[in-house]
Structure formats: structure tokens, C-alpha cells
Amino acid sequence: MKKSFSILIFFLLVLNSISAAKVKRGGDANLTPYLNESDARVVCTDIVGQIIASPRIARFAGTNGRDPVVTIGNIKDETGEFFDTQIIANSLKTAILKSGILEFMANKDVRNEMRQEVIDQADHANEEVATAIDDEDAADYMLTGSVKLTVQNNGKKQERTYIVNIELTDLHTHRTVDMFEPSEDVKDYLKKIGSVKSR
């Protein structure tokens, strides 16, 4: 019985390796037909680079004498496969912080937690070191967007293409001032070709 079970496990491992070998994708050697963190990092670094190069960002710095402050709003999952868009949000945040050009404002849930901490300080900390209430900074722009998915079947092969769109909105005027998508150089990271059709 143990020998039969061992043989079964061996064949399952072989079949799994054959299936993985059929997957073609951009990114690193972590073969998968789904968008992952490695892909998201490359795509978001590319998009943040485009944001920095935007004429509107350059004009902001020239007019205000400081770098713009950016926060991240809702990134919608429109893939139909329950993709965790926090992966995109975190990758955008990392790219912003590493840019040296854009300043990052903590997201809403973090700000709410920090406000509670400031209130606690007002009640319990020494006045000379306590952070003042209503002394926080404000974001100039918000990034929002979506992740979509298109699927094309060709016999036993399936091509899955993820579409990432990011909007830059002026928080003072609520105008969408620019829209971004991955450049042609990195779109390969969003294309998956393989035999795997479902999780």
C-alpha cells in the first residue's frame, strides 16, 4: 500500500512539473499563469516612472516649490478571479517611496489609526513632545485604478492578459489629470500562456 501511494505521489509531481513547463510568461522563474508580486513590482515601478515624467508633476514642483504628496485610493479587482489588488497598491507605494521624487501619504486606514494615537498622546503624553492634533500633512494627488483580465483559448492553450490602469486625480479639484498603463517594454509581464485554466 505504501509503495502504491509513493508511486502515485511521484506521478503527481511529474504531471505538475510538465504542466508548469507549458507556462510561458514574463517576469521571473516563478512559473504561474496568474499575476503575482514580481510582476506587480515591475509594472508599478514602470507606472510610477511615467507619473514622475508627467508634465503636470513637473509643473506642480515648479509652482509649489516642493515635491507632490501622493496617496493611494481604491484599486478595483475586475478580473473575475478574486485577485488581491493590495499587491498592486503595495507595489505602487514601494515605487513611490523609492522614487525620491514623490512623497507618500499614508492610506486612510493608517491615518485613522495615527489620529487615534495623536488623541491618546494629547491625553497622556508630555505636552512638549506630544504631536499636535490637526497638525497632519495632506495629499495633493490620489492614485486609483483597476486590474482587468482578458482570456483567449486556442485549443489546449490559454492566453491570459492582465490590464492595469491607474488614474492620477487632483485632490484639490477632483479632476483626473492623467491616466497610465504599463509601457510596451513591460507588458510581457502581464501576459500568461499556459495549459492551466483554473485554480
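Here are the numbers for this structure:
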read-out: Convex hull volume per residue for the stretch 27-97, taking Cα atoms only, in Å³; value: 97 Å³
read-out: Protection-proxy order for peptides 89-99, 154-164, 41-51, each taking the mean of Cβ atoms within 10 Å per residue, highest first; value: 41-51, 89-99, 154-164
read-out: Vicinal HN-Hα couplings computed from phi for the stretch 43-59 (Karplus, 6.51 cos²θ - 1.76 cosθ + 1.60; Hz; Gly/Pro x); value: 5, 6, 4, 5, 5, 5, x, 5, 4, 4, 7, 5, x, 5, 5, 5, 5
read-out: Using a Förster distance of 25 Å, the FRET efficiency for Ile163-Val110 (Cβ separation, nearest 0.05); value: 0.30
read-out: Those GluC sites (Glu not before Pro) in the stretch 52-104 that DSSP places in a loop and that have at most 16 other beta carbons within 10 Å; value: Glu81
read-out: Cα-based Kirkwood hydrodynamic radius, the stretch 57-116, one decimal, Å; value: 13.4 Å
read-out: Loop-located chymotrypsin sites (Phe, Trp or Tyr not before Pro) in the stretch 42-117, at most 16 other Cβ atoms within 10 Å (DSSP); value: Phe82
read-out: Cα centre as origin, Lys/Arg/Asp/Glu Cβ charges: the stretch 146-199 dipole, Debye; value: 660 debye
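Only the coordinates and a few stated rules stand behind these numbers; no lab work does. The structure displayed is predicted, hence computed values, not measured ones. All Cβ positions, even for glycine, are placed from backbone atoms using ideal geometry, and neighbour counts span all protein chains on display.
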